[in-house]
């Protein structure tokens, strides 16, 4: 400060602002932080006239004039100092926030908050306080206000309410994580009413595909064929010969031996008297159906029965002429 020489025995202070050694005669005690600082760091508040160190009395960001902590405050968001007329208090943490950094009032409760306690809702795009947060969007990871939050009944995910759609088949509400669009018709379905074709991998709805009774897989209509023997439709993966409309079940009939198949056939005979006159049975078993082939004096029959319901889906009669053709072909 004064440049005078001092011996090591004479006392001195280290300025709280710059850390340099200064005499007591060239120093003062800041009335705000109670620390010692050099006179070259003494500042007077332009509003109340109080004196303090340059760390406590800072220039106002608007007009750059010095103000003390009693007349000016530091914004918790930007760290700049403003006079009281340019400051507001956060309604949640009560910290001082300048009018520039303060977010708009919460659109639900109208509270004014600092940046740490507010967010922009990913659903409606409105400023929302921390106390009105509803949850986090499972897709984008952004916060949602209480009014925009929707909890998916299928998967439990939290998503914006305006992103929810309705299944075209069952009218169930579907979130973006659960919904799928049919590649054939473009409609949106829930996971219970849309499948993936096991031939082309397209997403198909219940109206543009079906379940293959042989393998149990789903296939679109373009990849189904109708077996010339049993008359039932199957997916192309269950066609053993590319150029023939014969399913792999009809192509792999074997003598009736298993107790499960025998018991199933006996129940069919009880319901259909025609089957009682047939013998020399053979069968094959698919994921959804049984196929039985029985022989008679005048005609043979191919029976397709549903495994779940135990009912006959189709009964195809092979007459005498058909039998003669097979014998001489």
Study note, to complete from the structure: Ranked from fewest to most other Cβ atoms within 10 Å of their own Cβ, 68, 155 fall in the order 155, 68
Review point. So how do 1, 87 line up by other beta-carbon neighbours within 10 Å, fewest first?
Key: 1, 87
Study note, to complete from the structure: For region 77-163, the Kirkwood Rh over every pair of distinct alpha carbons, in Å, works out to 13.7 Å
Review point. Rg to Rh for the chain: what is it, with Cα atoms only and Rh by Kirkwood?
Key: 1.50
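By how many nm would the segment from residue 181 to residue 126 grow when fully extended, if each residue of separation counts as 0.36 nm and the alpha-carbon distance is taken off?
On the way: separation 55, 0.36 × 55 = 19.80 nm, distance 3.02 nm.
Extra length available between residue 181 and residue 126 comes to 16.8 nm.
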Check your understanding: For a label point 7 angstrom out from the Cα of residue 26 toward its Cβ, which stretches of region 48-64 have the backbone nitrogen within less than 20 Å?
Key -> 52-55
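Note the full-extension length gain between residue 70 and residue 317 as 0.36 nm times their separation in residues minus their Cα-Cα distance, in nm to one decimal.
Working: separation 247, 0.36 × 247 = 88.92 nm, distance 10.25 nm.
Extra length from residue 70 to residue 317 when fully extended: 78.7 nm.
Could you work out [θ]222 nm for the chain from helices alone, using -39500 (n - 2.57) per DSSP H run of at least four and dividing by all its residues? Round to the nearest 500 deg cm²/dmol.
Values: 2 runs with 22 residues, N = 329.
Result for the chain, helices only: -2000 deg cm²/dmol.
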Practice item. Would you look at the GNM of the chain, springs on alpha carbons closer than 10 Å, and say which of 111, 65, 151 moves the most? Key: 65
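Where does each of 56, 26 land when they are ranked from fewest to most other beta-carbon atoms within 10 angstrom?
26, 56
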Review point. Over what distance in Å are the Cα centres of region 203-224 and region 226-295 separated?
Key: 20 Å
Check your understanding: Where does helix 259-271 land angle-wise versus the long Cα axis of the chain, in degrees 0 to 90, nearest 10?
Key -> 70 degrees
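What FRET efficiency, computed as 1/(1 + (r/R0)^6) with R0 = 51 Å and r the Cβ-Cβ distance, is obtained for residue 18 and residue 139, rounded to the nearest 0.05?
Working: r = 53 Å, r/R0 = 1.04.
Efficiency computed from Cβ-Cβ geometry: 0.45.
What FRET efficiency comes out for residue 192 versus residue 258 if R0 is 45 angstrom and r is the Cβ-Cβ distance? Round to the nearest 0.05. Kindly include the intermediate steps, with their values, before the conclusion.
Working: r = 33 Å, r/R0 = 0.74.
Step by step, r from the Cβ atoms, then E = 0.85.
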**Study point:** the chain: most fluctuating residue of 228, 137, 23 per GNM, C-alpha cutoff 10 Å
**Key:** 23
**Study point:** Choice from 19, 294, 135 with maximal GNM fluctuation in the chain (Cα, 10 Å cutoff)
**Key:** 19
Check your understanding: What is the gain in length, in nm to one decimal, between residue 201 and residue 42 on full extension, counting 0.36 nm per residue of separation less the C-alpha to C-alpha distance?
Key -> 49.5 nm
Exercise for review: Round to a whole angstrom and tell me the spacing of the C-alpha centers of region 107-129 and region 151-170.
Suggested key: 24 Å
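Which semi-axes, in whole Å and largest first, does the equivalent ellipsoid of region 167-249 have when worked out from the alpha carbon gyration tensor as the square roots of 5 times its eigenvalues? Before the final figure, lay out each step's value.
Values: eigenvalues 162, 22, 18 Å².
Semi-axes (√(5λ), whole Å): 28, 11, 9.
Values quoted throughout were computed directly from the atomic coordinates according to the rules given, and no laboratory measurement underlies them. Here the structure is a predicted model, which is why all the values come from computation and not from measurement. Note: ideal-geometry Cβ built from the backbone for every residue, glycine included; neighbour counts use all protein chains shown.
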